[in-house]
Structures are given as C-alpha cells and as structure tokens.
Amino acid sequence: MPAIEVRKVPIHSVADASELARLIDDGVMHADRVIAIIGKTEGNGGVNDYTRIISDRAFREVLVEKGAPADQVRQIPIVWSGGTDGVISPHATIFATVPDEDAVQSEEPRLTVGFAMSEPLLPEEIGRTPMVSKVAAAVKVAMDKAGITDPADVHYVQTKTPLLTIHTIRDAKSRGKTVWTEHTHESMDLSNGCTALGVAVALGEIEMPTDADVMHNRALFSAVASCSSGVELDVAQVVVVGNAPGVGGRYRIGHSVMKDALDQDGLWEAIKDAGLELPERPHHTDLGGRLVNLFLKCEASQDGTVRGRRNAMLDDSDVHWHRQIKAAVGGVTAAVTGDPAVFVSVSAAHQGPEGGGPVAAIVDLG
C-alpha cells in the first residue's frame, strides 16, 4: 500500500472547493491520487440537506478540472456530514496517496486507507439484518484494500448509507414489502445504527445481531464506526482508516470513545492513542499543530440526562435534539483542539456507548 497524505481545509461557502484546488496547485497532493474526502457542510443535517450534494459536486468538479479522470472521480468516496451547529466550522479532510519516491519511509505503523461500496441496499433492508450483512462484507473489502489484516489496526470506519424517503418507501410498498419506519427523519438514525452494527460484525466487536436488536439493544456497538446517511446514494459507501507497518508516511491514527457528551478525556485518549506524547493534563497549545483532525459521533442519552443532570433535548419540539447535541459536543471538542473545524456528526446509535460516541484522531508524526 502507498503512503497517505492527509490535510484538512476550510470551506469558505457552500459551493467552495478552492482550498482543494490550492493543495493540488501547490503540489501537496495530486488530483488523480485523491482517494477519499470526509467533510462537514453547513446545511440543516436533515433529510433535505442539499448542501451535501452541492459540496460533493464542487469537490468532484475540482478534481476533474485538475486532471483526474472523470470515471475515477465518480468512484471516490466523498462523505459529507451536514450541519455545523454551534461553533463547528465547515471543512473537509482530504486523503491522497503519495508517490513512492516522495514518501517518508518508516517501518512503524502508519496511516492507511481503503474504501469499498456495498451491494445496493433496498429500502426494505434498511434497519434489518440484510443491511448488516452487506455493510460487513464491504468493510472487509475496504480492509483488504487498506492492507489491514488485523481488525485491531482499524481505528475509524466512516460510512455513508441511504436513508428512507417517501419515494423509496413507496417503491418498497409497490413490491409488497414493508419498511422499518415510514418517518424519513427517524430513518437517518436507523440507517446509521444498522450500519454501525455491520461495522461491528465485520471487526469482530459483536456477533451477528437480530432484527430485534437494531436500535433497541444499545449494549451492542462499534467503538470505531462513524456512520452517516443521506439521499444521494443507494449503497453503503465505506472508508476504513487504520495503521499498517511498511506503508511509510508521516501520519498515524488512534481512537477511543467519549463516555458521555462532556468527556474530554475520551478525546485526549484518542489523540494519545494515535501516538502524540502529551502531559498528564494537556491543553490545546500542547498539540503544536500536529493534530490533523478529530472525527466523532454523538448522541443524546436516551435517559435525558448527562452526569445525573436532567436536560430537555429529547422533549424540545422547536429544535431537534440532533442539532442540540451536535452543537454541545462540537463546543467540547473545539475546546480540546483549539480549532472549531472538527468533524462532529450526530445520530450515534450503536456507535460508542449510550450517550457517548466513538472518537478517532489523526496526527502528524513528522
């Protein structure tokens, strides 16, 4: 596997991809070597968040303009999480392979990336075990492409899967099938949670669940899954990020979990797991520009509390809890990193412990 270059860039407006163009123009990475992009867009984060589609088009157009073959660009997994509530800033993290002659040589484990697409997911499969199986199969393919043989070397699995829309619900009914829910917004949580179970099965974190476990048995979760869903695809798009010896490069990834929405220690543990030496009580100034980004999922605890204190997120009819918990955890994360351009995504069913969520950190070891 080739070494990986990874950079985080700001997005200056909803259709902006100028910083990707700058990276290519400056020779930091080659357009035809970009293999994955993961980013935050500034829409509502809901079913009708079309900022994801706008950003997707903008970034793919830049890659083509800068010389990457159009057919190749269409296959690149680009995962957009909508909603930059609170202080979260729109941005993208871009992964590209490095020519062998330019790679920093190292036999120490370094960042590697693999991606895969699942078989098509039918609307009646969303939230049920056929989806778990298809996602698990795609995760294993992505691991193989990353050159990872030990699941313990996987620290982050970013996915994008379809959710249910009125159109796909109608399609299922026309074929005599049922769907798990007819509430399209609820299907976002459902798709994410079911996908996370597929990741957990692939990595041996859990045994194969039953249909009854999906969204109900929250003791079943993946510590590395970060699952997003949208209207722009009908397959599971899977990006596996881990470490492998011999690939070379400057970057390394680690992971941990937040035990609840205020768990800063979980964030620091992920950064330390990636390989940075930090003091016992670290501060963002100790990072020295070596943290590329944090990637995490968050969820409002189903008991309506954080550390024994009641909150009203789940009862709020004005502002959905998705937006409230994302803003809260985004603030906690930005306080740790000193940078509000952090990847904080909501809807973390079966992703990390109940009321918390998984955290992955990519660092530059030089």
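The values are calculated or read from the model by the stated rules, or taken from the named source; none is laboratory data. Just so you know, these numbers come straight off a predicted model, no measurement behind them. Don't worry about glycine lacking a Cβ; one is built from the backbone with ideal geometry, like all the others, and counts go over all protein chains shown. With ligands, DNA and RNA removed, areas are computed over all heavy atoms of the protein, side chains included. Shrake-Rupley method; radii C 1.70, N 1.55, O 1.52, S 1.80 Å.
If Glu269 passes every condition in (1) of a type outside the set (Lys, Arg); (2) under 28 Å from Glu42 (Cβ atoms); (3) not in a loop (DSSP other than H, G, I, E, B) but one, which one does it miss?
All conditions are met except number (2).
So, of the residues in region 211-259 that are basic (Lys, Arg) and over 19 Å from the mean Cα position of the chain (by Cα), which turns out to be surrounded by the fewest Cβ atoms within 10 Å (Cβ to Cβ)?
Result: Arg218.
Can Pro77 be described as in contact with a His (Cβ under 6 Å, 6 or more places away or on another chain) and in contact (Cβ under 8 Å) with a residue 60 or more places away in the chain?
So Pro77 does not fit the description; no.
Out of all the residues in region 196-206, which are within 24 Å of Leu163 (Cα to Cα) and open to solvent by 10 Å² or more (accessible area, probe 1.4 Å)?
Val201, Ala202, Leu203, Ile206 - these are the residues of region 196-206 that are within 24 Å of Leu163 (Cα to Cα) and open to solvent by 10 Å² or more (accessible area, probe 1.4 Å).
Taking the options Gly288, Gly308, name whichever one is within 20 Å of Arg7 (Cβ to Cβ), out of contact with any strand residue (DSSP E or B) (no Cβ under 8 Å at 6 or more places or on another chain) and surrounded by fewer than 18 Cβ atoms within 10 Å (Cβ to Cβ).
None of the others qualify; the one that does is Gly288.
Can you say whether Gly331 is over 17 Å from the mean Cα position of the chain (by Cα) and either assigned to a loop (DSSP other than H, G, I, E, B) or at pLDDT below 95 (or both), as far as the supplied structure shows?
Here the answer is no, as Gly331 does not meet what is asked.
Within region 222-256, how many residues are in a loop (DSSP other than H, G, I, E, B) and under 20 Å from His185 (Cα atoms)?
Residues in region 222-256 being in a loop (DSSP other than H, G, I, E, B) and under 20 Å from His185 (Cα atoms): 6 in total.
So which residues in region 323-354 are open to solvent by 10 Å² or more (accessible area, probe 1.4 Å) and out of contact with any strand residue (DSSP E or B) (no Cβ under 7 Å at 6 or more places or on another chain)?
Arg323, Gln324, Ala327, Ala328, Gly331, Val332, Ala334, Ala335, Gly338, Asp339, Pro340, Glu354
Which of the residues that make up region 107-159 are polar (S, T, N, Q) and farther than 11 Å from Leu203 by Cα?
Hits for region 107-159 are Thr112, Ser118, Thr129, Ser133, Gln158, Thr159.
Of all residues in region 242-262, how many are of a type in the set (Val, Ile, Thr) and more than 26 Å from Val344 (Cβ to Cβ)?
Within region 242-262, residues that are of a type in the set (Val, Ile, Thr) and more than 26 Å from Val344 (Cβ to Cβ) number 1.
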